[in-house]
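**Q** Just passing along the structure, written as structure tokens.
Bear in mind these aren't lab numbers, they're just calculated from the coordinates by the rules spelled out. Note that the structure is a prediction, hence the values are computed from the model and not measured. Neighbour counts run over all protein chains shown; Cβ positions are idealised from the backbone, glycine included.
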Amino acid sequence: MFAIRLAGESETKVAKHRKRRRGLCAYCGQMCEVTRDHVIPKCLFTMPLPKVMVTVPACDACHGKKSRHEDFLRDLLTMDIVGSESPVAQRLFHEKVLSSHRQGKSLVCRIAMAQARQTPIVTPAGVYVDECYVAHLDLDRVIEMFSFIVRGLYFRLRKVVLSPDCKFDVRRLGVEDAMKCWGGFEEYGYNGPYILGGGVFWCVCQYAASDDGITNWMLVFYERVYYGVVTTPPGFVSGPKGRDCGTEGNLKTLIHDGVMRDD
Ligand SMILES: [Zn+2]
């Protein structure tokens, strides 16, 4: 049986159909009525969904906020210049994104149509690679979506809610940045990889033993789109070299624990 949303039916009404219980919201930390939320949105997968999905308890407010960004994330990843090479992403683009665009519902498509400009692509070392279409997206929306995902994964692994005041540094990593980031994971050790849907998503993470709020994540979608997320607690000041300098020392005493599985 599948729950479907009829046109015009509100999120609140849909929320009433979900199995409810009292518990801790993995995203905001409130003790209240919660339902299960898929941390990695279902819309990033083709059907049938994988048997193992990562879910956490979430309050209606957080569930509602997160679900408003989920199609945005799907469209962002499937239209990504690298992500769009994935067969799964291509299928989603043709089956979901295009029809969403035709109905005027895809924010990413609207932004791309209005703003995309041909722009030279240059590596961090200054080497010209190619030209491609580039558009500037709503960064706050991207950061909020990834902060929900990281909060959910963290809760799933550690049964602890990240501080509501935590700061999130979210970066789309090119190949060179991803290799550098991976070097840091190999040097200090990591938890994971946690894999979902045969490569639709996987991630590795590090936590600082000295402070639960300092975490470092590499999230990979469709086996080729890399995002780096670093969380820092309120008031955390990184060293003169930026975020790496601040977290590296702390990450030397890593905690290795946590098994991610659905329950
Ligand atoms: Zn909540």
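**Q** Can you put Lys159, Lys180, Lys19 in order of Cβ neighbours within 10 angstrom, beginning with the fewest?
**A** The order, fewest Cβ neighbours first, is Lys19, Lys159, Lys180.
**Q** Of Ala125, Gly23, Thr78, which is farthest along the charge dipole of region 17-134 in the positive direction, counting Lys and Arg as +1 and Asp and Glu as -1 at C-beta?
**A** So the residue furthest toward the plus end is Gly23.
**Q** Now, a different point. Name the long-range amide H neighbours of Thr55: under 5 Å, sequence gap of 5 or more, or other chain; modelled H, no Pro or chain starts.
**A** Val39, Asp263
**Q** Tell me the label-point distance for the pair Asp138, Thr46, using the 7 Å Cα-to-Cβ offset, in nm and rounded to one decimal.
**A** 2.9 nm
**Q** In debye to the nearest 20, how big a dipole does region 17-62 give about its Cα centre with +1 on each Lys and Arg Cβ and -1 on each Asp and Glu Cβ?
**A** Taking the Cα centre of region 17-62 as origin, the dipole is about 220 debye.
**Q** Considering all projection directions equally, how large on average is the shadow of the alpha-carbon convex hull of region 17-134, in square nanometres? Intermediate results must be reported in sequence, preceding the final value.
**A** Working: hull surface 40.7 nm².
For region 17-134, the mean projected area of the Cα convex hull comes to 10.2 nm².
**Q** With +1 on the Cβ of every Lys and Arg and -1 on the Cβ of every Asp and Glu, and nothing else charged, how large is the dipole of region 68-226 about its Cα centre, in debye rounded to the nearest 20?
**A** It comes to approximately 580 debye.
**Q** Mind checking which lysines have their C-alpha under 30 Å from Lys19, skipping anything on the same chain fewer than 8 residues away?
**A** Cross-link targets: Lys42, Lys51, Lys65, Lys66, Lys96, Lys105, Lys159.
**Q** Moving on. Considering only C-alpha atoms, what is the centroid distance from region 152-181 to region 209-236, in Å?
**A** A separation of 2 Å, based on Cα centres.
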